[in-house]
Amino acid sequence: MSPKQGVFIEFSKNISVSGITFINPTHYTIYGGQSTSLNINNIKSFSCERASDGVDIMSCSDVIINNVF
């Protein structure tokens, strides 16, 4: 994980990410890949960088996303 990225979750299960504010991530704010039972709640992300996507979920199951800005 690069210090310029946010949270990188891969090949994991039963993960909760909550109550974090991200300022100027230059890549994914939260990336979830090949994971199960992810709970993403109360996240704020502010960036004007190119490719500064918010929440990117790829090949995951049982994902809950609430209160994300």
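Bear in mind these aren't lab numbers, they're just calculated from the coordinates by the rules spelled out. It should be emphasised that the depicted structure is a prediction, and the values quoted were computed from it without experimental measurement. Because the Cβ atoms are built from the backbone with ideal geometry, glycine has one as well, and the counts that use them run over all protein chains shown.
Quick notes on this structure:
- Every residue from segment 8-37 that is closer than 15 Å to Val63 by Cα, more than 10 Å from the chain's Cα centre (by Cα) and of a type outside the set (Gly, Ala, Ser): Glu10, Phe11, Lys13, Asn14, Ile15, Gln34, Thr36
- Highlighted here are the strands (runs of 3 or more DSSP E) found entirely within the chain that include at least 3 residues which are surrounded by 13 or more Cβ atoms within 10 Å (Cβ to Cβ) and not β-branched (Val, Ile, Thr): 30-33, 36-46.
- Within segment 1-50, the set of residues being among the charged types (D, E, K, R) and in contact with a strand residue (DSSP E or B) (Cβ under 6 Å, 6 or more places away or on another chain) comprises Glu10, Lys13, Lys44.
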